[in-house]
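These notes concern the structure reproduced below.
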Amino acid sequence: MLKITRLPLGPMATNAYIVYENKQALVFDPGGDFDKLHNFISERELNVEAILLTHAHFDHIGAVEEARGAYNAPVYLHDAEADWLPDPALNGSAIFQIGDIKASRADHSLEPGMKEIGPFTFEVRHTPGHSPGSVSFVFRKQRFTIGGDTLFQQGIGRTDLPGGNRHELTRSIQDQLFSLRNDMKIYPGHGLPTTVGDEKKSNPFFT
């Protein structure tokens, strides 16, 4: 049975997610604290098939390079942010003056549509607005979506960073996330999970 675990990592407690089944795993947004991530994976003897990024802001990529090296796993990122991983000015770490965070460029680009990696099948949806390359990963059969900093419980992603666009963000949420079934669970980049139905009903940015 496929499982998902949330691990808040790094200086902003960014949610990393490990999706795993039968000792195979996908890692989403390893934002820092590699030891914490590695302990979880090692204790369960998981084989990491890939590292997938909802976007390339510094708080989502802090442990990318360590994870890539430790697991010999390819990194996936949308092409709109292809230059962000090695550039602290683009990924935001220079702006927040927390020390430059860098990683090598992604191994593969993420395009909208269905994707298979190892035993895992999911849909990639381009959900820009918080950043130009933001994507959401829809596990339709299991009824959950990993949405990065697009939609939060009672909130939406910030749009005041370079490449952010409020109109684009709300359109992404309405077209790409609110079009999912109401019982679809949304796992956000920060904070606790929510559902599409709950956010349609009570998110102050849409009611």
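FYI, it's all coordinate maths here, none of it is from the lab. Note that this is a predicted model, so its numbers are computed, not measured. Note that we place each Cβ from the backbone using ideal geometry, even for glycine, and neighbour counts take in every protein chain shown.
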Next on the checklist: Quick check on the stretch 58-76. Is at least one of its residues crowded, with 19+ Cβ neighbours inside 10 Å, among the small types (G, A, S) and part of a strand (DSSP E or B)?
Outcome noted: no
Checklist entry - For the stretch 19-35, does any single residue satisfy the condition of being in a helix (DSSP H, G or I) and either among the small types (G, A, S) or under 21 Å from S136 (Cβ atoms) (or both)? => result no
Checklist entry - Looking only at strands (runs of 3 or more DSSP E) that fall completely inside the stretch 93-207, which ones have 3 or more residues that are in contact (Cβ under 8 Å) with a residue 40 or more places away in the chain? => result 120-126, 135-139, 144-148, 185-188
Checklist entry - Name the residues in the stretch 116-127 that are within 18 Å of G148 (Cα to Cα) and not polar (S, T, N, Q), would you? => result F122, E123, V124, R125, H126
Checklist entry - So which residues in the stretch 14-44 are acidic (D, E) and touching a helix residue (DSSP H, G or I) at 6+ places or on another chain (Cβ under 6 Å)? => result D29
Checklist entry - Got at least one residue in the stretch 183-191 being surrounded by fewer than 16 Cβ atoms within 10 Å (Cβ to Cβ) and more than 15 Å from the chain's Cα centre (by Cα)? => result yes
